[in-house]
Ligand SMILES: Nc1ncnc2c1ncn2[C@@H]1O[C@H](COP(=O)(O)OP(=O)(O)OP(=O)(O)O)[C@@H](O)[C@H]1O
Ligand SMILES: [Mg+2]
């Protein structure tokens, strides 16, 4: 696996959220992902970034262009040091929300990408990793 | 402060979202639409999203809310020009938009709204009691 490019932004407010989302789109365009895959990874990132602001009290987004086995991919990692998720399986169920919201963000984001990872520890923080590969 | 303009076209309102849209802008738009509907007593809303590249669950919900609130205020909403990638992404995200009428462009949207509005007027005149309010 080879790291080709990496960008990192702190996420504390709506403006950072927009910049983070914009950067995902920009790097997706740089590696010429299809319009659909670009829209999917940007939308998934939007969900995870919002979770980070609302539930995680902000954090950091790391966006990487990666090469592996002659394939090129985009990886998006969102990390926060917020309250964490006590039951990850439950949080990944459609409709589960501690916020009286739709509970779509996590399961929806998972459904939109090729690879998805959720790591979380109570009172320590949450890390979500999204990955799409160029066809 | 950013704001999305609302244009009055006879008894319709035309809203063209040209920039990228985010949460606070969406909430402002929802409030502005409700106020403008009341002020002009408009009967239909055309929401042109043909240049919107990303609609996530939050924005999708704002669009659903625009349709429900306008419905309560006796106006129909038509969403115009949703990009195919955006539509597919919304479905895979799991966001349902059950009561949304759609059209491929503004012209078709206006036709669709005028049809709906005339139909509703006719129902109002003939049998008010049997109006379907599901
Ligand atoms: N970064 C995070 N830190 C702490 N808890 C989180 C984080 N992300 C998600 N959660 C928890 O997981 C739940 C499910 O998240 P999900 O994004 O699916 O739904 P939601 O944010 O509540 O609603 P929606 O995204 O539909 O508006 C949240 O309600 C919250 O309890
Ligand atoms: Mg969420």
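Bear in mind that the values in this text are calculations on the coordinates, not laboratory data. Predicted model only: the values in this text are computed from it and were never measured. Here the Cβ is made from the backbone with ideal geometry for all residues, glycine too, and neighbour counts use every protein chain on show.
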Taking the stretch B:28-49, which residues are within 14 Å of chain A (Cβ to nearest Cβ) and buried (at least 16 other Cβ atoms within 10 Å of the Cβ)?
B:49
Pick from A:56, A:20: which is touching a residue at least 40 places away in the same chain (Cβ under 8 Å) and assigned to a helix (DSSP H, G or I)?
A:20
Single match in A:77, A:41 (criterion: in contact with a helix residue (DSSP H, G or I) (Cβ under 7 Å, 6 or more places away or on another chain), under 23 Å from residue A:2 (Cβ atoms) and touching a residue at least 40 places away in the same chain (Cβ under 8 Å))
A:41
Quick check on this structure: which one of A:31, A:11 is surrounded by 13 or more Cβ atoms within 10 Å (Cβ to Cβ), more than 10 Å from chain B (Cβ to nearest Cβ) and away from ligand 2 (no atom under 16 Å from the Cβ)?
A:31
Taking the stretch B:64-85, which residues are touching a strand residue (DSSP E or B) at 6+ places or on another chain (Cβ under 8 Å), crowded, with 17+ Cβ neighbours inside 10 Å and on the phi < 0 side of the Ramachandran plot?
B:66, B:67, B:70, B:75, B:76, B:77, B:78, B:79, B:80, B:82
Residue by residue through the stretch A:100-135, note down the ones that are within 14 Å of ligand 2 (Cβ to nearest atom) and within 12 Å of chain B (Cβ to nearest Cβ).
A:101, A:102, A:103, A:104, A:105, A:106, A:107, A:108, A:109, A:110, A:111, A:112
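Quick check: is even one residue across the stretch A:59-82 within 10 Å of chain B (Cβ to nearest Cβ) and near ligand 1 (Cβ under 10 Å from one of its atoms)?
no
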